[in-house]
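The block underneath contains the structure these notes are about, expressed in structure tokens.
The values are calculated or read from the model by the stated rules, or taken from the named source; none is laboratory data. Just so you know, these numbers come straight off a predicted model, no measurement behind them. Positions of Cβ are generated from backbone atoms using ideal geometry, with glycine treated the same way; all protein chains shown enter the neighbour counts. To get the accessible areas, we keep the full protein, side chains included, count just its heavy atoms, and leave off ligands, DNA and RNA. Shrake-Rupley method; radii C 1.70, N 1.55, O 1.52, S 1.80 Å.
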Amino acid sequence: MPGKKKLLVPAGILSFIILYALSCGNEPKQAIRKPVDYIKPIPGPSDSVPLTTAQKGEVLIGYSDCHSCHKEDKRSVGPAFKDIAKRYPVNDAYIDYLSKKIIRGGSGGWGAAVMTPHPELSLENAKTMVRYILSMRK
Ligand code: HEC
């Protein structure tokens, strides 16, 4: 019965195609979930940032090397400033944590890329920079 044998081959190919299609079907879901996991917003009340503080922070950042790794809107070597602002509520605890992290550098919060340390920055100036970054929270 040559007819039956011929049918077996297409059936095998067909099940491969179905399995392939099913495994591909999962990919878009992961792609949609990724940006949310990347930002990981922390809930909590947020203070407002005075405009003059934000402006001062913007100038300080302009005079430092931050823009070689950070962009306002897009992920670069480091996370986008707007993504950082989406993760952290504006309050003293996070402002303190983030300014100390800029001074000592590090990685692991957003991925494997490393932020170089900035020992030349005063804690006060680092805090002003952080307030400017977090003021991009909308
Ligand atoms: C050499 C590249 C580089 C430079 C220069 C740099 N950063 Fe970063 N920055 C990174 C990377 C990479 C991360 C993500 C670190 C991580 O995953 O924990 C980061 C993270 C941050 C964060 C978030 C930290 C956290 O734990 O969520 C802030 C705020 C920040 N940078 C501000 C600054 C400021 C302000 C400057 C300039 C004084 C600066 N960065 C300069 C690469 C850089």
Query raised in the report: Residues in segment 69-88 that are part of a loop (DSSP other than H, G, I, E, B) and open to solvent by 60 Å² or more (accessible area, probe 1.4 Å): how many?
Result: 6
Query raised in the report: Do you know which of the residues in segment 118-136 that are free of Cβ contacts under 8 Å to residues at least 40 places away in the same chain and in a loop (DSSP other than H, G, I, E, B) is most open to solvent (accessible area, probe 1.4 Å)?
Result: GLU120
Requested in this report: Working only within segment 103-117, note down all residues that are closer than 14 Å to VAL130 by Cβ, outside any loop (DSSP other than H, G, I, E, B) and under 16 Å from the mean Cα position of the chain (by Cα).
Outcome: MET115
**Report entry** Residue check, SER68 more than 6 Å from the ligand (Cβ to nearest atom) and among the polar types (S, T, N, Q)
**Finding:** no
Query - Residue tally, condition touching a Gly at 6+ places or on another chain (Cβ under 8 Å) and open to solvent by 30 Å² or more (accessible area, probe 1.4 Å), over segment 89-100 - result: 1
Query - Residues satisfying the stated conditions in segment 57-68, i.e. of a type in the set (A, V, I, L, M, F, W, C) and either open to solvent by 70 Å² or more (accessible area, probe 1.4 Å) or free of Cβ contacts under 8 Å to residues at least 60 places away in the same chain (or both) - result: VAL59
Query raised in the report: For segment 89-113, which residues satisfy the criterion of being hydrophobic (A, V, I, L, M, F, W, C) and more than 10 Å from the ligand (Cβ to nearest atom)?
Result: VAL90, ALA93
